[in-house]
1. Filter the range 1-28 down to the residues that are open to solvent by 50 Å² or more (accessible area, probe 1.4 Å) and assigned to a strand (DSSP E or B) and list them by number.
2. Which members of the range 69-114 meet the condition of being of a type in the set (S, T, N, Q), outside any strand (DSSP E or B) and either surrounded by 20 or more Cβ atoms within 10 Å (Cβ to Cβ) or in contact with a strand residue (DSSP E or B) (Cβ under 6 Å, 6 or more places away or on another chain) (or both)?
3. How many residues are open to solvent by 50 Å² or more (accessible area, probe 1.4 Å), closer than 16 Å to V113 by Cβ and either in a loop (DSSP other than H, G, I, E, B) or aromatic (F, W, Y) (or both) when one looks only at the range 29-62?
Amino acid sequence: QVQLVESGGGLVQAGGSLRLSCEASGSIWRINLMSWYRQAPGKQRELVASITSGDSTNYAESAKGRFAISRTNAKNRLYLQMNSLKPEAPAVYYCYARAGGYDYWGQGTQVTVSS
């Protein structure tokens, strides 16, 4: 079992920055992939960025060049640095981990970018 708790969401002006954090606990040694997803109202949850246990990263096209995913070596913290944020509908950002063949999700943290 892995537990994930996100923090760092909030209201930010367009063009600003925000750093999301996700604290993982439990069987963190089993984690081989961690990701950030976002979900806007009425929309499907979509991948923002991911990082493997080997530190390979992958970004959605909309995040490339503006967002950076990182994690601590102990795998207990995942970060998403978001820069040059664009005004859009509020979205909930979710932390995700794949561990031991199972999927785990946090409860999410809301991000609102005002124009």
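The values are calculated or read from the model by the stated rules, or taken from the named source; none is laboratory data. Bear in mind that the values here come from a model prediction, so they are computed numbers and not experimental data. All Cβ positions, glycine included, derive from the backbone under ideal geometry; neighbour counts span all protein chains shown. Just the protein is used for accessible areas: all its heavy atoms, side chains included, with ligands, DNA and RNA removed. Shrake-Rupley method; radii C 1.70, N 1.55, O 1.52, S 1.80 Å.
1. Within the range 1-28, Q3, V5, S7, L11, Q13, R19, E23, S25 qualify.
2. Within the range 69-114, just N76 meets the criteria.
3. The qualifying residues number 3.
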